[in-house]
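Mind looking over this structure? Questions follow.
The values are calculated or read from the model by the stated rules, or taken from the named source; none is laboratory data. Keep in mind it's a predicted model, so treat the numbers as computed, not measured. In this analysis, Cβ positions are derived from the backbone assuming ideal geometry, glycine residues included, and neighbour counts consider all displayed protein chains. Ligands, DNA and RNA are stripped out before the accessible areas are found, and what is left, the full protein with its side chains, is counted by its heavy atoms. Shrake-Rupley method; radii C 1.70, N 1.55, O 1.52, S 1.80 Å.
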Amino acid sequence: MSRPLRLLTVVVAAALLAGCAGTSPAPAASADGPSGTVEVYAAASLQRSFDEIARAFEEQNPGITVTPVYDGSSTLATQIGEGAPADVFASADEKNMAKVAAQAPDPRIFAGNTLVIAVPTGNPGSVQGLADLARVTTVLCAPEVPCGAASQTLLSNAGVAVTPASAEQNVTAVLTKVAAGEADAGLVYATDVVGRDDVEAIVPAGADAVVNRYPIAALSEAPNPDAAAAFVAFVLSDEGQRILGDAGFRAP
């Protein structure tokens, strides 16, 4: 091989090596820890806090991506019972967690919540307490939904009968109608109104006597059991509990 040809070969090889170095992929997550996607089925009332928990969890576990699914706990429990590919279930009450006991053998209570009366800003219906819900346009959660069951208990304890304008399948839908002025009032969780300026909250008498306890469990048929266990552990950790506390949830 002539000297010019040898020099050309060296230059081309160096350029190829440099090009490969410049396009090398980012290092993969450590094989020692869990990785992949963890699908979290969570009660609608958890959306804001679990979105923040998911971000914090992913920062600590760069190999894992959290995919949350939010809806009423009864809807989620039905989907899990029918074989939905969930890794984790976080329910707004113990009753709906019990519906999937075969798939959730070790639930842990991680938070508590109470009800408030939500009214549009300015309180156009002049609502002062539970008795007023019988005279104004009121929306409630459906009885099979945790917030609906709690609402029925709260109203029954107060001796108030309310015929709701609609019975919603999750608490988010109740709050949306109140905030839009489609209803004068609705019963929602205390955490749902934190930080909002389109609704006002009235703490009704007897609210402290009706506390929803929130359980969480890694499901036995989880597609990603290691990531599921890690996520549950994070929710129960000091950091997870701080995020929940900042959102207005009670300690378990």
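Got a sec? Which of D208, D197 is under 14 Å from L115 (Cα atoms) and among the acidic types (D, E)? Show your work before the answer.
Numbers: D197 fails: under 14 Å from L115 (Cα atoms).
None of the other options fit; the residue is D208.
Okay, moving on. Being more than 14 Å from the chain's Cα centre (by Cα) and touching a residue at least 60 places away in the same chain (Cβ under 8 Å) is true for just one of R250, R242. Which residue is that? Don't jump to the end; show me each part of the working.
Working: R242 fails: touching a residue at least 60 places away in the same chain (Cβ under 8 Å).
Exactly one residue qualifies, and that residue is R250.
Okay, moving on. Could you tell me how many of the residues in the range 215-252 are open to solvent by 40 Å² or more (accessible area, probe 1.4 Å), farther than 15 Å from P105 by Cα, of a type in the set (A, V, I, L, M, F, W, C) and part of a helix (DSSP H, G or I)?
Within the range 215-252, residues that are open to solvent by 40 Å² or more (accessible area, probe 1.4 Å), farther than 15 Å from P105 by Cα, of a type in the set (A, V, I, L, M, F, W, C) and part of a helix (DSSP H, G or I) number 2.
Residue-by-condition table, conditions (1) more than 25 Å from L76 (Cβ to Cβ); (2) open to solvent by less than 50 Å² (accessible area, probe 1.4 Å); (3) not in a strand (DSSP E or B):
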{"site": "N123", "(1), (2), (3)": "yes, yes, yes"}
{"site": "S126", "(1), (2), (3)": "yes, no, yes"}
{"site": "L133", "(1), (2), (3)": "yes, yes, yes"}
{"site": "S151", "(1), (2), (3)": "no, yes, yes"}
{"site": "T176", "(1), (2), (3)": "no, no, yes"}
{"site": "L187", "(1), (2), (3)": "no, yes, no"}
{"site": "T191", "(1), (2), (3)": "no, yes, yes"}
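Any idea which residue in the range 61-84 is nearest to A228 (Cα to Cα), counting only those that are in contact (Cβ under 8 Å) with a residue 60 or more places away in the chain, open to solvent by less than 30 Å² (accessible area, probe 1.4 Å) and over 15 Å from the mean Cα position of the chain (by Cα)?
Applying the filter and picking the extreme gives I64.
Same structure, new question: Could you please find all residues in the range 145-164 being over 23 Å from R196 (Cα atoms) and free of Cβ contacts under 8 Å to residues at least 40 places away in the same chain?
Selection gives Q152, L155, S156, G159, V160, A161, V162, T163, P164.
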